[in-house]
Amino acid sequence: MTEKTAYTPATHTAPPARFSHGVRKGGILQVAGQVGFLPARDGAAPRPAGPTLRAQMEQTLANVEAVLKEAGSGWEDAVMIRVYLTDTAHFAEMNEIYDAYFAELAVPPAARTTVYVGLPEGLLVEIDAMAVLD
């Protein structure tokens, strides 16, 4: 049986419950939902990158990427990305930010699903990803 390995980048705070930022089992890496928290600072509570969707979205994508990299992976291995928005009015802006973030990639990073959810006060977006590793 293949062992599971958990990944938490040094830039991330400990999760608020019993889960990992990323888990690999065999060739599958699942990145837990990441939000737009700035890199962790000792003794300081997590804080969002800013009040705007753009600031939070860019930081959220960077946080997902940090987990991918911690596991020896990257966007090229991603096969599924899920975006969770708190406001349906943010969909078009999210697409613009998403497209710009991945503009350098010849092939889109993954299949994508977008859903609308409730998140803790002040958070506008959450993103998770699944990667397949060789």
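For the chain, would you read off the P(r) tail past 24 Å as a percentage of all alpha carbon pairs?
Beyond 24 Å sits 27 percent of the P(r) for the chain.
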ask   = In whole Å, how far is the Cα centre of the range 68-123 from that of the range 15-33?
value = 17 Å
query = For the chain, what is the calculated [θ] at 222 nm in deg cm²/dmol (nearest 500), taking -39500 (n - 2.57) for each run of four or more DSSP H residues and dividing by its residue count?
reply = -7000 deg cm²/dmol
query = Rg and Dmax of the range 1-74, Cα atoms, in Å?
reply = 12.9, 45
message = Please compute the contact order of the chain in relative form: average sequence separation of alpha-carbon pairs under 8 Å and at least six residues apart, divided by the residue count, as a percent.
response = 31 percent
query = Near VAL132, within a Cβ-to-Cβ distance under 12 Å, what is the net charge of the other residues, with Lys and Arg +1 and Asp and Glu -1?
reply = -1
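Where a number appears in this text, it was derived from the coordinates with a stated rule and is not lab data. Predicted, not measured: the structure shown is a model, and the values here were computed from it. With ideal geometry, Cβ positions are generated from the backbone for all residues, glycine too; neighbour counts draw on all protein chains shown.
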